[in-house]
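The values are calculated or read from the model by the stated rules, or taken from the named source; none is laboratory data. Since the structure is predicted, the reported quantities are computational estimates derived from the model, not experimental observations. With ideal geometry, Cβ positions are generated from the backbone for all residues, glycine too; neighbour counts draw on all protein chains shown.
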């Protein structure tokens, strides 16, 4: 499964695969989707609707009937939230196609976390194409929790950089509203 | 030097939170998941009802379709009424035809003096 999307098209479950789920399995997958929705939005309010929307999107896929449905539906929840209401959906500093600016931002981020025992190595791993926390942990010989902590620090600094970049343009950017 | 474009690296860091949340949910047991949902204030009855609706939809067909695949001979009432009227009409025609055939094969008895002319009887 692709970490950022609903997985490779060939591995998506088909509507018939969804229909083949027992009621208990579907219930369980639905609860997983709702749990992720709560985790990503920080709110219980729309958990049920987001889970329903994820399954509705999944059932329109007519691809081959294999793959882990729970993983797929969670990936769809993630994608839906990224597309609509997630704070992760906004522009990334330097992510506007200006490679030079992105390079500068990456250098600034590296400088900000230089004193951390693990974050610079995590950043380096990600730059070299290792992206999953478990893979980074394996490469660096540390625990996954340590990688999560380093990610948290990197995100914190990135958010600060983005907030700074948003300051001059108070133009109702939905990202800055959250 | 980097294998990944810097834009992708930055975006990947931004999205690492949701990836971690996804992995955490995948690793949860059913009980842990329910406890987390309840602790967050999710209405579990509403959630179960939504899952049940989804399950029924998946087994009924597309949302909005009539539930014709539920194993029941459900049809819209108008169509059913129309079918009933046609059935009665066909039955009525069949009964009429059978009656005509029976009359043809069982002619009325005639007297030696000729056909009975009841209406003319007694009128001279």
Looking at the structure I just gave you, is residue A:81 more than 21 Å from residue B:60 (Cα to Cα) and at pLDDT below 90?
yes
So residue A:96, is it surrounded by fewer than 16 Cβ atoms within 10 Å (Cβ to Cβ), facing chain B (nearest Cβ under 9 Å) and modelled with pLDDT under 75:
yes
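Would you mention how many residues in the stretch A:131-168 are under 22 Å from residue A:106 (Cβ atoms) and either more than 20 Å from the chain's Cα centre (by Cα) or modelled with pLDDT under 90 (or both)?
Step one: filter the stretch A:131-168 for residues under 22 Å from residue A:106 (Cβ atoms), giving A:131-133, A:135-137, A:139-140, A:142, A:146-168.
Remaining after also requiring either more than 20 Å from the chain's Cα centre (by Cα) or modelled with pLDDT under 90 (or both): A:131-132, A:139-140, A:142, A:162-168.
Of the residues in the stretch A:131-168, 12 are under 22 Å from residue A:106 (Cβ atoms) and either more than 20 Å from the chain's Cα centre (by Cα) or modelled with pLDDT under 90 (or both).
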State the number of residues belonging to the stretch B:1-26 that are surrounded by fewer than 20 Cβ atoms within 10 Å (Cβ to Cβ) and under 39 Å from the mean Cα position of the chain (by Cα).
1
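Residues are listed down the side, and each one gets a yes or a no for (1) touching a helix residue (DSSP H, G or I) at 6+ places or on another chain (Cβ under 6 Å); (2) at the interface with chain B (Cβ under 10 Å from one of its Cβ atoms); (3) at pLDDT below 90; (4) not in a loop (DSSP other than H, G, I, E, B):
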{"residue": "A:7", "(1), (2), (3), (4)": "yes, no, yes, no"}
{"residue": "A:13", "(1), (2), (3), (4)": "yes, no, yes, no"}
{"residue": "A:24", "(1), (2), (3), (4)": "no, yes, no, yes"}
{"residue": "A:32", "(1), (2), (3), (4)": "yes, yes, no, yes"}
{"residue": "A:36", "(1), (2), (3), (4)": "yes, yes, no, yes"}
{"residue": "A:39", "(1), (2), (3), (4)": "yes, yes, no, yes"}
{"residue": "A:58", "(1), (2), (3), (4)": "yes, no, yes, yes"}
